[in-house]
Amino acid sequence: MLQGRETDRLLALVEASQKEKEARGILYTPHEILRQPSTWQTTHRICTERQPELRQFLRAAGVGAYEGVRPVVFLVGAGTSDYVGRALIPLLRRLWGCEVWAVPSTDLLTNGEDLVFADRPYLWISFSRSGDSSEGWAVLEAALQKYPQVRHLVVTCNQHGRMAAVCKKEPGTTFLLALDSSANDLGLAMTSSYTNMVVAGHCLAHVFSPDDYENPFSMLLRAGERFLESAEEVANAIAQQDFSKACFVGSGVLRAVGLESALKVLELTAGKITTMSESTLGLRHGPMSALDENTVFVSFLSQDLHRRKYELDLIEEVRRKRLVKLLTVVVPESTNQLNQLADHVLSLNTADFADEYRAPVDVILAQLLGLFCSLRLGLQPDCPSPNGAISRVVSHVNIY
């Protein structure tokens, strides 16, 4: 894969001495980024092994039933875990034929009564790296008491967390899908935890049609392995530039990738690089005013040719008006037009790779950009919040 490249900066960080890793705060994050394609295979295997149980639970919850009794599906999480759900909405809607919404656990905690109807069946799929965050655990506990019509499927990277323990006590109403411990990132910023929970979501979407996921998953693996190399080179080059802002745009699922990308760079640089994210068409409605000569602009281009027309129009406008310092695009396949418009063109080299499956690959660019910028700014990527503003697990929120 990447081995054998003497200029591979990511591999050099992974292979640094223990003393250097401790001093620079890189014990975990570089390795957690590099290992992602191999961990996706483990997640896929776990989900495949549990397919019979998952199908039984989902059918009992109404998924796959006649349209009139299908549940409303909430994809629940906070921060990056919320963005996992946002990356899965279109695929789950299409394959399950259900009404699907990404609902932050933070909103359910404060405004649950505005979001849940007593006479409707629900399936809540909660995503959580640790399963120990205050809001996630509190929402699950409260929902089990207040909303008997809700079934819960918890996807977590920690089988020993508080949410996992709740599931084990409520086997009829809940289902625990615990991923391998290799997906439980120890660095503050979620990298492989995010991508593995998205892959688990793909498997859930295809639980009634597993053979249909084999080809997309194979493309995902191949694209991820190739993209690590090309994205590393581009991210390292961008990180050496003097910039203070980063803007990520995309449409549909790729809008969700932009949200996670913006959060990743923000977290890993402790806010020293301010970030923003918008939809391709939404950017013009005010947010474009924030673009300037200190901004790195990243556009995730869709495979869909209809959406691509809007995306190209925006890139051409940003270039024509000279609004940003650097313009980077991630695209299924590069073209001469893009090579002329953008400073960096990152191709997935898979023209038939559907947007719905791309999130685990596309987000790697921001993970690497955040890592290299964190180091350039003198921060420690494993714990890049020197004033303690944020922590790996948000577990200190008072619950009322």
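Rule-based calculations on the coordinates, nothing more; no lab input. Keep in mind that what you see is a predicted model, and the values were worked out from it rather than measured. Here the Cβ positions follow ideal geometry from the backbone for every residue, glycine too, while neighbour counts run over all protein chains shown.
Numerical summary
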| item | result |
| --- | --- |
| Over region 229-325 - Rg/Rh using Cα atoms and the Kirkwood inverse-distance radius | 0.95 |
| Mean Cα-pair separation over length for the chain, i.e. relative contact order, pairs under 8 Å, 6 or more apart, % | 19 |
| Descending Cα extents along the principal axes, region 151-237, whole Å | 50, 35, 16 |
| Using θ = phi - 60° and Karplus 6.51 cos²θ - 1.76 cosθ + 1.60, couplings along region 377-386 (whole Hz; Gly, Pro as x) | 7, x, 9, 10, x, 5, 9, x, 10, x |
| Coarse-grained scattering of the chain at q = 0.06, 0.09, 0.14 Å⁻¹, given as base-10 log I(q)/I(0) from a Debye sum over alpha-carbon atoms | -0.22, -0.52, -1.26 |
| More than 12 Å apart - percent of Cα-Cα pairs taken over region 57-115 | 67 |
| Inter-centroid distance (Cα atoms) of region 263-315 relative to region 74-124, Å | 25 |
| Under the Debye formula (equal points on every Cα, no solvent term), log10 I(q)/I(0) of region 10-107 at q = 0.13, 0.18, 0.20, 0.24 Å⁻¹ | -0.69, -0.98, -1.08, -1.22 |
| Pair-distance profile P(r), taking every C-alpha pair of region 93-195, with 5 angstrom steps and integer % | 2, 12, 22, 24, 19, 13, 6, 1, 0 |
| Equivalent ellipsoid semi-axes - Cα gyration tensor, region 287-347, angstrom | 19, 12, 10 |
| Rounded to 10°, Cα long-axis angle of helix 51-61 versus longest principal axis of the chain | 60 |
| Calculated from backbone phi, Karplus (6.51, -1.76, 1.60) coupling profile of region 334-340 in Hz, x at Gly/Pro | 6, 9, 4, 4, 5, 4, 7 |
| Cross-link pairs beyond the 22 Å C-alpha cut-off, checked among Lys168/Lys264; Lys19/Lys245; Lys245/Lys321; Lys264/Lys321; Lys19/Lys264 | Lys168/Lys264; Lys19/Lys245; Lys264/Lys321; Lys19/Lys264 |
| Loop-located trypsin sites (Lys or Arg not before Pro) in region 250-292 whose Cβ has at most 16 other Cβ within 10 Å (DSSP) | Lys272 |
| Using distinct alpha-carbon pairs, which all enter the 1/r mean, Kirkwood radius of region 208-286 in Å | 14.7 |
| Reach of Lys169 by Cα under 21 Å, taken over lysines that are not fewer than 8 positions away in the same chain | Lys146 |
| DSSP-assigned coil residues among trypsin sites (Lys or Arg not before Pro) in region 298-343, each with at most 16 further Cβ atoms within 10 Å | Lys321, Arg322 |
| Per residue, the convex hull volume that the Cα atoms of region 157-296 enclose (Å³) | 162 |
| Other-chain or far-sequence residues with amide H under 5 Å of Val397's (modelled H) | Ser134 |
| Region 282-393 - convex hull of alpha carbons, volume per residue in Å³ | 149 |
| Region 77-152 shape via C-alpha gyration tensor axes, a/c threshold 1.5 | oblate |
| Longest segment of the chain lacking GluC sites (Glu not before Pro) that sit in a DSSP loop with at most 15 other Cβ atoms within 10 Å | 100-292 |
| Unit charges on C-beta of K, R, D, E only; dipole of the chain, Debye | 280 |
| Straight-distance crosslink candidates among aspartates and glutamates, where the alpha carbon sits under 17 Å from Lys21 and sequence neighbours closer than 8 are dropped | Asp8, Glu32, Asp185, Asp382 |
| For region 175-216: Kirkwood Rh in Å [reciprocal of mean 1/r, alpha carbons] | 11.5 |
